[in-house]
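The values are calculated or read from the model by the stated rules, or taken from the named source; none is laboratory data. It should be emphasised that the depicted structure is a prediction, and the values quoted were computed from it without experimental measurement. Positions of Cβ are backbone-derived with ideal geometry, glycine not excepted, and every protein chain shown enters the neighbour counts.
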Amino acid sequence: MTDHPLLFSAPMIRALLDGRKTQTRRLFKKIEQQPNGLWHIFGGLLNVAEEDVPNHAPDYSRFQIGDRIWVRETWRAHSWAADVVEIAYAAQRGLVGWSEQHEQIRYPDGDKNAFKYYAPKGSHFWRPSIFMPRWASRLTLIVTDVRIERLQAISEEDAIAEGLEWIAPTWGIKGDSGTWNGNPCLAYAGLWDSINFKAGVGWANNPWVVAYTFTVAKQNINRIAA
């Protein structure tokens, strides 16, 4: 078991909190096609046929079954006490009450650098998710399944598990810029393209992805028994 950080956007954070999101797909970057048509998997130095990729590639994904992921999101340090910091989370700003978008979290004993997240910027300075330390995270994901597949192989059930919600008369995600559609898979295609199209790995490219399934614990990873 290994612990890892992972960034999520505000709509995906809300989907995690609402219990709608139990899967995430990320590009599988450790693979490239060879001139002979076989797929080279970097981590294991394997050359395999396309139909064999799902059988070999999961061992070389970033996360494995049983790993824990602490979620990074946009945040700010609102106030401090002797050993507790009150964190505000931007994903719910203006959508829920004060107490629901704030949480008191203990930071590590002896962490002399903890206070730097408050001063000198002050309590109104929002920090990008990439700068969220482990102790400030409020969501922990436990990986229960890892699959390597083509992006377009997603089922309707899995598309919904990516966090989609029914917003009559379409599937979509509130606050997201992706295309909504009555078909969950096409709605997810719009969501994927809103994030990845400009990078050249859009839905139409049908790239290899890692599909992670997980359970969600609404608490800091340091408070969960290893």
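In summary, G163 fulfils each of the numbered conditions (1) at negative phi; (2) buried (at least 17 other Cβ atoms within 10 Å of the Cβ) with the single exception of condition (1).
For segment 56-76, a residue qualifies if it is more than 21 Å from the chain's Cα centre (by Cα) and modelled with pLDDT of 95 or more, but none of them does.
Taking K21 as the residue in question, decide whether it is in contact with a helix residue (DSSP H, G or I) (Cβ under 7 Å, 6 or more places away or on another chain) and charged (D, E, K, R). Against the criterion (in contact with a helix residue (DSSP H, G or I) (Cβ under 7 Å, 6 or more places away or on another chain) and charged (D, E, K, R)), K21 qualifies.
For segment 93-104, the candidate set comprises residues that are in contact with a strand residue (DSSP E or B) (Cβ under 9 Å, 6 or more places away or on another chain) and surrounded by 12 or more Cβ atoms within 10 Å (Cβ to Cβ); within that set, the residue that is modelled with the lowest pLDDT is Q101.
Does Y107 satisfy the condition of being at pLDDT below 70 and in contact with a strand residue (DSSP E or B) (Cβ under 6 Å, 6 or more places away or on another chain)? The answer is no for Y107.
Per-residue answers, yes or no, for (1) out of contact with any strand residue (DSSP E or B) (no Cβ under 6 Å at 6 or more places or on another chain); (2) touching a residue at least 40 places away in the same chain (Cβ under 8 Å); (3) within 30 Å of G94 (Cα to Cα):
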| position | (1), (2), (3) |
| --- | --- |
| R138 | no, yes, yes |
| L151 | no, yes, no |
| A159 | yes, no, yes |
| P169 | yes, no, yes |
| S194 | yes, no, yes |
| K218 | yes, yes, yes |
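Inspect all residues belonging to segment 30-38 and state whether any of them is among the acidic types (D, E), outside any helix (DSSP H, G or I) and assigned by TED's automatic domain parsing to the domain that holds V209. Yes, some residue in segment 30-38 is among the acidic types (D, E), outside any helix (DSSP H, G or I) and assigned by TED's automatic domain parsing to the domain that holds V209.
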